[in-house]
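> Attaching a single structure in structure tokens format; questions to follow.
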Amino acid sequence: MENYKLFRSPQLTVYGRDAFNQVGSETALRGKRALIVSDGIMEGLGYIERCVNSLNEKSIESVTYIGVKSEPSDKYVDEALTLFKDNNCDIILSLGGGSCIDTAKAVAVVATNGGYIGDYMGGKKMVSVPAIPHIAIPTTAGTGSEATDVTVITNLSNDEKMMIKQPAFMPVVAIVDPLLTMSSPDKVTAATGVDALCHAVEAYLSKRAQPLTDTLALSAITLIVKNLKRAYKNPQDIDAREGMSIGSMYAGMAFSNASVGLVHGMSRPIGALFNVPHGESNAMLLPAVLEFSREACIDRLAVIGRIFSEEAAQMDNDVASKHAVEQIRNLCSDLKIPNLKYWGIEQDKFESVLKKMAVDALNSGSPSNNPRVPSQQEIEELYRICYDYQFSGTEVC
């Protein structure tokens, strides 16, 4: 058995208020013609114009792809890659949420290594040529994708969310500016914030957790617990926004190196088949999956429970672990996280794809890292529980 661990993160992280102002300088060190992968919302907010102006000040030409409209798909990757090649770009910037960042990651790898992005899933095709330099600039505090070597791309031919992980997908630079997150609507703040919490919790509970990831995961949970509801209730609370941005980044670093678990395994099929945003679907699943897993991770969940409240310090581990699940469930209730039924998913259609979703969840590999590894039948039953799950008034057993 190996006695060492590996830990990967971006070569450089620029973070804090006004970090976005450094985009031109950092790009100039690595390229001369940039592809900016973004979306229409970022264009409307003026963020793309700011980015282009910053690049122009350093004599860097740029072209923008704003076709990302939902969860990242192979269609977006192909379109952005074509634009990259047609304009002889040599560096990629992503500006937006996790969908923009994940799309850019895929383009950066395929641009130099060729093939279809799905070829890289499960290590079937290994990256052999360095990827195009990628500078990731998140505008939400949620996915942590700016600090991970993972991309999740939907194969539109079979509605499968492909989770692809190789070191080459790691951005070279992460620019994390909390001021960019202040435009996030409250629903986005809530969903992405619980997504970040899910990353941190799953990293801490993962069978592949290690000391470095534990430190980052617990720091992330502490920051998110302290700041998420503040940012949700008062979008202009810059201190809370900054705490969430750093917490999200910590969580990304943690799960990228420790892996995620059952929540993510179950979440991806929901996103692929019903177009539920990744952060929202993770939030819908998190409390129920923790209830399912609790007895296999009592001691670690107890640590999380004691982060939520001082009174948990006096509880034994069994009670504190229940307290953790209860507090996370209450947080989802306070943030108005919907269940799958309330989201608008028809029950008959949901039932008709339960088996496919459970198989896809298991095939992703993520459930094998969960403290309690489920069977296909148990995953199907968990989906049913989550369909009309009540985030308040449910007893943790």
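> If I model a spin label as a point 7 Å beyond the Cα along the Cα-Cβ vector, how far apart are those points for residue 4 and residue 49 in nm?
Those two pseudo-labels are separated by 5.1 nm.
> Next question, about the same structure. At a probe size of 1.4 Å, how large is the accessible area of residue 264, to the nearest 10 Å²?
Here the residue's solvent-accessible area equals roughly 10 Å².
> Here is a follow-up. Would you mind getting the accessible area per residue of the chain, heavy atoms of the protein chains only, 1.4 Å probe, in Å²?
Result: 40 Å² per residue.
> If you don't mind, another one. Of 47, 194, 31, which is farthest towards the positive pole of the chain's charge dipole, taken about the Cα centre with +1 and -1 on the beta-carbons of Lys, Arg and Asp, Glu respectively?
Checking the options against the dipole of the chain, the answer is 31.
> While we're on this one: Scan the stretch 35-134 for GluC sites (Glu not before Pro) in coil per DSSP, keeping those whose Cβ has at most 15 other Cβ atoms within 10 Å, and list them by number.
57
> Taking only the alpha carbons of the stretch 144-201, what extent do you get along each of the three principal axes, in Å, biggest first?
Cα spread of the stretch 144-201 along its principal axes, largest to smallest: 35, 27, 23 Å.
> Given 37 °C and 0.692 mPa s, how large is the Stokes-Einstein diffusion coefficient of the stretch 328-397 in µm²/s, with Rh as the Kirkwood radius over Cα pairs?
Estimated diffusion coefficient is 245 µm²/s.
> Calculated from DSSP H runs of 4 or more alone, at -39500 (n - 2.57) each and per residue, what is the 222 nm mean residue ellipticity of the chain, nearest 500?
-16500 deg cm²/dmol
> Once the whole set of protein chains is in place, how much accessible area is left on residue 319, using a 1.4 Å probe, in Å² to the nearest 10?
Roll a 1.4 Å probe over it and residue 319 shows about 70 Å².
> Another question, then. Quick one: which residues, 5 or more positions from residue 154 or on another chain, have an amide H under 5 Å from its amide H? H modelled 1.01 Å from N in the peptide plane, none for Pro or chain starts.
Residues meeting the amide H criterion: 73, 74, 162.
> Could you work out how much longer the chain between residue 334 and residue 87 gets when fully extended? Use 0.36 nm per residue separation minus the Cα distance between them, nm to one decimal.
Once the chain is fully extended between residue 334 and residue 87, it gains 84.2 nm.
> If a paramagnetic tag sat 7 Å from the Cα of residue 75 along the Cα-Cβ line, which residues of the stretch 153-193 would have the backbone N under 18 Å from that point?
Those under the cut-off are 153-162.
> Here's another thing I want to ask about it. Hey, what D do you get for the chain in µm²/s if you plug the Kirkwood alpha-carbon radius into Stokes-Einstein at 37 °C and 0.692 mPa s?
It diffuses with D of about 157 µm²/s by this estimate.
> Can you pull the accessible area of residue 308 for me, 1.4 Å probe, Å² to the nearest 10?
Around 40 Å² of this residue is reachable by solvent.
> I would also like to ask the following. Angle between the Cα long axis of helix 278-293 and the longest principal axis of the chain, 0 to 90 degrees, nearest 10?
Value to nearest ten degrees: 30.
> Say R0 is 35 Å: what FRET efficiency, to the nearest 0.05, do residue 156 and residue 59 get from their beta-carbon distance?
The computed FRET efficiency comes out at 0.35.
> Less than 22 Å apart at the alpha-carbon level, and either on another chain or at least 8 residues along: which lysines does that give for residue 125?
Straight-line reach from residue 125, under 22 Å: 75, 85, 105, 161, 165.
> Measuring from label point to label point, each 7 Å out along Cα→Cβ, what is the residue 381 to residue 187 span in nm?
3.4 nm
The values are calculated or read from the model by the stated rules, or taken from the named source; none is laboratory data. If you're wondering where the values come from, they're calculated on a predicted model, not measured in any experiment. Neighbour counts run over all protein chains shown; Cβ positions are idealised from the backbone, glycine included. All accessible areas refer to the heavy atoms of the entire protein, side chains included, with ligands and DNA or RNA removed. Shrake-Rupley method; radii C 1.70, N 1.55, O 1.52, S 1.80 Å.
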